[in-house]
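Trainee: Sharing a structure below in structure tokens format, with a few things to ask.
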Amino acid sequence: MSSRAPEFLLKAVGILLMLAALAFAISKAPDRSLDSLVARWAPPPSDFIELDGQLVHYRDQGPSGDPLPLVLIHGTGASLHTWEGWVAGLTPTRRVISFDLPGFGLTGPNADNDYSDPRYIAFVRQFLARLGVGRAIVIGNSLGGEIAWQLALADPTRVAGLVLVDAAGFDFVSESVPLGFHIARTPVLREAMRWVLPRRAIEDSVLDVYGDPGKVSAALVDRYYELTLREGNRVALMRRMDQLAPGPVQRLPEIRVPTLILWGGKDRLIPPRWGREFEKAIPGSRLVVFPGLGHVPQEEDPAATLAALRDWLPQVQP
């Protein structure tokens, strides 16, 4: 070996260490306090309500006298903002309630790190009772869809109608998992995620759940990224991943309320076959597939998905 080889190797190692240090500095992402995020992500009509010592971020919009409010529940890693296209179209005539689940958005982590399905269902029941909501049409995307159909089983007098948007619950196999979820599931990477989170990782995750990457704007990625940095949310995501379990899908035939199932034809996280499984299992349900959309079709194309909802809504009686 040439006498210059050790010198070259030392320089190469030094350069790699410098690049690693630079990457760490660029990607370093400390937690952000709730106060620092409220101005941008919780302007009016956002409000907060205290439940068991936790501040819950929510919006309650539209006519307060509506006898059958629409309750919108977001999915893993998302927030109430994912429904804003629907909210804008519905609130002139309907009361619409949306909120950030514990562990996500501005609501942030709960005290005991319990993000199991039963805990989420108990939370939603308590939240709706606090707002004085009796019967409602319950609508959920992904994790929110799983909460919605389990709520219909746990509290059937409260759920007058059910809308499942790319809902979770079956023991599905993904065709593609967002990078952020991969990181939260991987032992070494998840520990680093507490302090380091490249914005690119969130961007890749959002791109992965959209059918049309051209619809993913910088502003959209900013929202997902900044709310992920809310104090405690990254650890909450890890805990949620640890607590994932299939739902009691064998009980789906017990659901007897009008049910609409909306699905993105390009959903690679929960592929469309699982929409067909929900349709088969829930008596009288209707499935509508949007060929060009991904896992969050209500966010990706609010107009098309809301049109399907409007067509179905007359089936639900107050």
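The values are calculated or read from the model by the stated rules, or taken from the named source; none is laboratory data. No experiment lies behind these values; they were computed from the predicted model shown. Cβ placement follows ideal geometry from the backbone for every residue including glycine, while neighbour counts extend to all protein chains displayed.
Trainee: Among the residues of segment 148-177, which ones are touching a residue at least 40 places away in the same chain (Cβ under 8 Å) and charged (D, E, K, R)?
Mentor: Scanning segment 148-177 gives Asp166, Asp171, Glu175.
Trainee: Restricting attention to helices (runs of 4 or more DSSP H) lying wholly within segment 221-318, give those where 1 or more residues are among the β-branched types (Val, Ile, Thr) and under 29 Å from Thr186 (Cα atoms).
Mentor: Those helices (runs of 4 or more DSSP H) span 233-242.
Trainee: Can you confirm whether Phe104 is part of a loop (DSSP other than H, G, I, E, B) and at pLDDT 95 or above?
Mentor: When the stated conditions are applied, Phe104 passes them.
Trainee: Another question, then. Taking into account only those residues within segment 107-120 that are assigned to a loop (DSSP other than H, G, I, E, B) and of a type outside the set (S, T, N, Q), which is nearest to Leu229 (Cα to Cα)?
Mentor: Gly108
Trainee: Here's something else I'd like to know. I'd like the full set of residues that are more than 16 Å from the chain's Cα centre (by Cα), of a type in the set (S, T, N, Q) and farther than 14 Å from Leu252 by Cβ, limited to segment 133-158.
Mentor: Once the filter is applied, which keeps residues that are more than 16 Å from the chain's Cα centre (by Cα), of a type in the set (S, T, N, Q) and farther than 14 Å from Leu252 by Cβ, segment 133-158 yields only Thr157.
Trainee: Taking segment 181-201 on its own, how many of its residues are under 23 Å from Ser217 (Cα atoms) and outside any strand (DSSP E or B)?
Mentor: Of the residues in that region, 8 qualify.
Trainee: When only residues in segment 209-218 that are assigned to a loop (DSSP other than H, G, I, E, B) and without any contact (Cβ under 8 Å) to a residue 40 or more places away in the chain count, which is surrounded by the fewest Cβ atoms within 10 Å (Cβ to Cβ)?
Mentor: Ser217
Trainee: Next question, about the same structure. Return yes when Arg125 is in contact with a strand residue (DSSP E or B) (Cβ under 7 Å, 6 or more places away or on another chain), among the basic types (Lys, Arg) and more than 15 Å from Asn233 (Cβ to Cβ) and no when it is not.
Mentor: Taking the combined requirement at face value, the residue does not satisfy it.
Trainee: Sticking with this one: What residue, among those in segment 38-56 that are of a type in the set (A, V, I, L, M) and part of a strand (DSSP E or B), is nearest to Phe99 (Cα to Cα)?
Mentor: Checked segment 38-56; the qualifying residue nearest to Phe99 (Cα to Cα) is Val56.
Trainee: Of these, Val165, Val221, Val206, which one is surrounded by fewer than 19 Cβ atoms within 10 Å (Cβ to Cβ), under 15 Å from the mean Cα position of the chain (by Cα) and at pLDDT 95 or above?
Mentor: Val221
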